[in-house]
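FYI, it's all coordinate maths here, none of it is from the lab. Predicted model only: the values in this text are computed from it and were never measured. Heads up, the Cβs are rebuilt from the backbone with ideal geometry, glycines too, and the neighbour counts pull from every protein chain shown.
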Amino acid sequence: MDKKVSYVKSVVINAPVQQIFQQITDVERRALWHSLYAECRLPQGKGIAPEVSFRAVINIAERRLEAMLQVVAYRPDQALRLKAITGLDLEEEWGLKPQASGVEVTLTTTLTLPSWAGILGKVGDKWFLEMQLEKQQEASLQKLKANAETGR
């Protein structure tokens, strides 16, 4: 039985929307601030664009799982949506909305942990996955905010 969880979190970042979007779309440096990722690699000579795929190693449920992610939506300075096309069922969507106090950045992550990846048994797996995903997403958004507001 698969366990599907979804988590949505927003943060307001006091930095230019272009700077925030550039950091979100910098695949090669994603693992430095996004705790869901251990590693990301674009094909040589490729940049982030619609339908581009890249290799990622995902940290989830105390495991490192490899996946190929594809850019399925790309609207500069507004939105980015990624979907795993191999490895696991993962979708990640970013939305950026300028506000008077900064840019509201919303991250929505939906993940299905396959039954073979169970770690706590049927009852505990989904709860554990939800808690871990929440913790990782909150930490990632705070790192993104700190980096963007300090110009890193």
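Once you sort the root eigenvalues of the Cα gyration tensor of region 3-150 as a ≥ b ≥ c, which label holds: rounded (a/c under 1.5), prolate (a/b larger than b/c) or oblate (the other case)?
oblate
Mind checking which of 81, 63, 29 has the largest fluctuation in a GNM of the chain, springs on alpha carbons under 10 Å?
Checking each option, the largest mean-square fluctuation is seen for 63.
Cross-chain or 8 or more residues apart, Cα under 21 Å: how many lysine pairs in region 3-150 fit that? Count them up, please.
So the count works out to 23.
For the chain, set up a Gaussian network in which alpha carbons nearer than 10 Å are linked by springs, and say which option among 128, 54, 21 fluctuates the most.
Ranking 128, 54, 21 by mean-square fluctuation puts 128 first.
Between 106, 25, 86, find the one with the highest GNM mean-square fluctuation for the chain; connect C-alpha pairs within less than 10 Å.
86
Hey, could you get me the Stokes-Einstein D for region 1-88, Kirkwood radius over alpha-carbon pairs, 4 °C and 1.567 mPa s, rounded to whole µm² s⁻¹?
Answer from the Stokes-Einstein relation: 92 µm²/s.
Under 13 Å from the Cβ of residue 50, count the other residues' Cβ atoms, weight Lys and Arg +1, Asp and Glu -1, and hand me the total.
+3
Which order do peptides 69-76, 98-105 fall in by mean Cβ count within 10 Å, highest first?
69-76, 98-105
Between residue 32 and residue 55, what length comes free when the chain is fully extended (0.36 nm per residue of separation minus the Cα-Cα distance, one decimal in nm)?
6.7 nm
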